Amino acid sequence: MLLAGVLVAVAAAASNAVGSVLQRSASRHHDPSSGWRGTVVGLLRRPAWTAGIAAHVLGFALQAVALSLTLITVVQPVLVAELPFTLVLAARLIGAPLGRRAWLAVGAMALGVGSFLASLDPRGGGPQAATTTGWLVGTTVVVIVLAVLVVLGRAGRGRERALWFGTATGVTYGFNAALLAGLGPAYAEGVRGVLASWQFYGVLVGGTVSFVLLQQALQAHDLIWAQPGITLANPLVAVLWGLTVFGERVPFDLRLIGVVGGVAAIVVGTVVLSQVEEEVDELDPG
C-alpha cells in the first residue's frame with residue numbers, strides 16, 4: 001500500500017504540474033487591473049486556463065486516492081515533485097534547455113524526498129485517530145494563520161505580496177490534504193457516507209479558497225518569491241497535522257539526521273528551482 005500510495009502521489013504531482021504550466025501560460029500576460037471579475041471572465045475564454053483547471057482537478061482526485069492508500073506524512077512530501085515537473089514542462093514548452101544548476105536542484109529534491117521518507121518512517125495513527133477537539137484546534141490554528149497571511153499579502157506589493165499569498169496557498173493545500181485524509185473512513189460507506197462527512201464540505205470550501213489564493217500569487221508576477229511558499233508550506237502543514245492531530249508516530253533516533261538532511265535538500269532545491277523557473281518564465285513569449 002505504501003508503494004502504491006507513493007506512485008499515485010507522483011502521478012498527482014505530475015498532473016498538478018501540467019495544470020500549473022497551462023494556467024501560468026494563460027494568466028501571465030493578463031491585465032490584473034481589470035479586477036477579479038474581469039480577470040476570471042477573461043481567463044475563462046482561454047482554453048489553456050480551463051484545461052489547467054481540469055488538470056488540477058485530476059491531480060486533486062489522485063491525491064485523494066493516495067491519501068486513502070497511505071499516511072499523510074508520506075503523501076504530501078512526495079507532492080513537492082510538482083515543482084521540478086513544472087519546470088521541465090515549462091522549459092520543454094518554450095524550447096529552453098535546462099542547465100546543470102537546474103538538474104542538480106532536481107536531483108537534490110529527489111534525494112531529499114527519498115531521505116525524508118526513508119528516515120521519517122511514520123507509523124500508526126491516521127485520520128481515524130483524530131478527535132473532535134483535535135480537528136477543532138487544528139482548524140482554528142490554520143484559519144488564524146491564513147487570516148494573518150492574507151492580511152500581509154493584501155498590504156504587500158510585488159515580492160512581499162507574492163511571498164505571503166504563495167505561503168497562504170501552500171498552507172491551504174496542506175490543510176486540504178488533511179481534510180481529504182479525513183474523508184478516508186467515509187469512503188467505505190459510499191456516496192452517502194462521503195456526503196454525510198463534514199470534511200467533504202470543508203474540502204469544497206478549502207479548494208475554493210486555495211484556488212483564489214493561488215491566482216493572487218500567480219498574478220503577483222514574482223514567481224521566485226511565490227513558489228517556495230506554495231511548495232514548502234504544503235508538506236510542512238500536512239506533516240505537522242499528521243504528527244499532532246492524526247497521531248502518526250516517528251522514531252526519535254539517529255534517523256532524524258536523515259529527516260533533517262532531506263528537508264534541507266528539499267528547501268535548497270526548491271529555492272534554486274524557483275530561480276530557474278523565473279528565468280524560464282521570462283523567456284516565455286506568451
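The values are calculated or read from the model by the stated rules, or taken from the named source; none is laboratory data. Keep in mind it's a predicted model, so treat the numbers as computed, not measured. Counting neighbours? That spans all protein chains shown, and the Cβs are built from the backbone with ideal geometry, glycine included.
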**Request:** May I ask you to verify whether Val150 is over 14 Å from the mean Cα position of the chain (by Cα), over 17 Å from His56 (Cβ atoms), of a type in the set (Val, Ile, Thr) and crowded, with 17+ Cβ neighbours inside 10 Å?
**Result:** yes
**Request:** Determine, yes or no, whether Gly99 is free of Cβ contacts under 8 Å to residues at least 60 places away in the same chain and either buried (at least 21 other Cβ atoms within 10 Å of the Cβ) or more than 24 Å from Gly174 (Cα to Cα) (or both).
**Result:** no
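Residue-wise test of (1) within 17 Å of Ala238 (Cα to Cα); (2) not small (Gly, Ala, Ser).
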| residue | (1), (2) |
| --- | --- |
| Leu183 | yes, yes |
| Glu189 | no, yes |
| Ser197 | no, no |
| Leu204 | no, yes |
| Gln216 | no, yes |
**Request:** Working carefully through the options Thr140, Thr73, Thr133, find the one that is crowded, with 22+ Cβ neighbours inside 10 Å and either under 20 Å from the mean Cα position of the chain (by Cα) or under 21 Å from Gly206 (Cβ atoms) (or both).
**Result:** Thr73
**Request:** Can you tell me which residue among Ala226, Ala188 is part of a helix (DSSP H, G or I) and in contact (Cβ under 8 Å) with a residue 12 or more places away in the chain?
**Result:** Ala226
**Prompt:** Among the residues of region 236-252 satisfying the criterion of being assigned to a loop (DSSP other than H, G, I, E, B) and under 17 Å from Ala118 (Cα atoms), which is modelled with the highest pLDDT?
**Reply:** Glu248
**Top-ranked residue of region 198-216 - restricted to ones that are hydroxyl-bearing (Ser, Thr, Tyr) and within 16 Å of the chain's Cα centre (by Cα), ranked as surrounded by the fewest Cβ atoms within 10 Å (Cβ to Cβ)** = Thr208
**Message:** Condition check: outside any helix (DSSP H, G or I), of a type outside the set (Lys, Arg) and either modelled with pLDDT under 90 or buried (at least 20 other Cβ atoms within 10 Å of the Cβ) (or both). Does Gly125 satisfy that?
**Reply:** yes
**Request:** Any residue in region 250-274 that's touching a residue at least 12 places away in the same chain (Cβ under 8 Å) and at negative phi: show its pairings with residues that are assigned to a loop (DSSP other than H, G, I, E, B) and surrounded by 13 or more Cβ atoms within 10 Å (Cβ to Cβ) at Cβ separation under 8 Å, as long as the two are six or more apart or on different chains.
**Result:** Val250/Asp121; Val250/Pro122; Pro251/Asp121; Arg255/Asp121; Val259/Val250
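Yes/no per residue for (1) among the aliphatic types (A, V, I, L, M); (2) in contact with a strand residue (DSSP E or B) (Cβ under 8 Å, 6 or more places away or on another chain); (3) surrounded by fewer than 22 Cβ atoms within 10 Å (Cβ to Cβ):
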residue	(1), (2), (3)
Ala168	yes, no, no
Leu179	yes, no, no
Pro185	no, no, yes
Ala220	yes, no, no
Gln227	no, no, no
Thr231	no, no, no
Ala238	yes, no, no
**Asked** Within region 269-286, can one find any residue that is of a type in the set (A, V, I, L, M, F, W, C) and modelled with pLDDT of 90 or more?
**Response** no
**Message:** Could you check region 62-96 and list, in sequence order, the residues that are without any contact (Cβ under 8 Å) to a residue 24 or more places away in the chain and among the small types (Gly, Ala, Ser)?
**Reply:** Gly95
**Request:** Look at region 157-185 and say how many of its residues are more than 23 Å from Ser68 (Cβ to Cβ) and either in a helix (DSSP H, G or I) or touching a His at 6+ places or on another chain (Cβ under 9 Å) (or both).
**Result:** 12
